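Undergrad: Sharing a structure, written as structure tokens. Questions coming.
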């Protein structure tokens, strides 16, 4: 079953992206589960390994239906706030009991500056979803010394601009790469992803 997955990785404007995810909200989890969605647990465990205060609030950017929030909760994070472009996805996330609060967000990732020392963008950045500019927005908003976990699937990795944006932060020592691992994303459609944890210096 790849009804929406077939459409998900095609570039589109913000309004079309919101409409796609609104329409997908009720069948999203079933479709991903059928294809073995592995990235949320991989990201949550990677973040846990590099965070000392599990009670510090986490911003789950692009939280979707809350699969990422559940993974963070199961990893031991206790205070999770979620934001997403799609209000229909947020309605599904509300049923999970994983979040302190949930809000809609704009496509550019405008979030309060210095409000969070821990952030996630799990399965969010790439063609058909959030642009790589979101990485810059989140890193600018992240507290100094804070950690961001995110993933780039194989489609996103095909665009050198995506890893190039990571290098912009690392190469000038504005951030430090503390974890990078390529592994399963959606094995049912033979798609992998790289999980990163970067620390803002």
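Values in this text are rule-based calculations from the coordinates and carry no lab data. Nothing here was measured: the structure is a model prediction, and the numbers come from that model. Positions of Cβ are backbone-derived with ideal geometry, glycine not excepted, and every protein chain shown enters the neighbour counts.
Undergrad: Go ahead and set up a Gaussian network model of the chain, Cα springs under 10 Å, then flag whichever of 179, 150, 61 fluctuates most.
TA: With Cα springs under 10 Å in the chain, the top fluctuation among 179, 150, 61 is at 179.
Undergrad: Using helices alone, I'd like the mean residue ellipticity at 222 nm for the chain: each DSSP H run of four-plus residues gives -39500 (n - 2.57), total over residue count, nearest 500.
TA: Counting only the DSSP helices, I get -10000 deg cm²/dmol.
Undergrad: On to the next question. Below 8 Å, C-alpha to C-alpha, sequence gap of six or more: please give me the relative contact order for the stretch 94-144 in percent.
TA: 45 percent
Undergrad: On to the next question. Which of 118, 79, 194 comes first, and how do the rest follow, when ranked by fewest Cβ neighbours within 10 Å?
TA: 79, 194, 118
Undergrad: Sorting 133, 193 on the 10 Å Cβ count, fewest up front, what's the list?
TA: Ranked by crowding around the Cβ, least crowded first: 133, 193.
Undergrad: Right, next: Taking Cα pairs under 8 Å and at least six residues apart, what relative contact order does the chain come out at, in percent?
TA: Over the chain, the number comes to 22 percent.
Undergrad: Right, another one. I'd like the distance between the alpha-carbon centres of the stretch 77-105 and the stretch 175-201, rounded to an integer number of Å.
TA: 22 Å
Undergrad: Give me P(r) over the stretch 5-200, computed from all C-alpha to C-alpha distances, binned every 5 Å, as integer percentages.
TA: Reading upward from the zero bin: 1, 8, 18, 23, 23, 17, 8, 2, 0.
Undergrad: Looking at the chain, what % of its DSSP beta bridges pair antiparallel, to the nearest 5?
TA: Here the share of antiparallel DSSP bridges comes out near 50 percent.
Undergrad: Continuing with this model, one more query. Order of 154, 171, 84 from fewest to most other C-beta atoms within 10 Å?
TA: Listing 154, 171, 84 from fewest to most nearby Cβ atoms yields 171, 154, 84.
Undergrad: Right, next: How big, on average over all directions, is the shadow cast by the Cα convex hull of the stretch 160-201, in nm²?
TA: About 3.2 nm², averaged over all directions.
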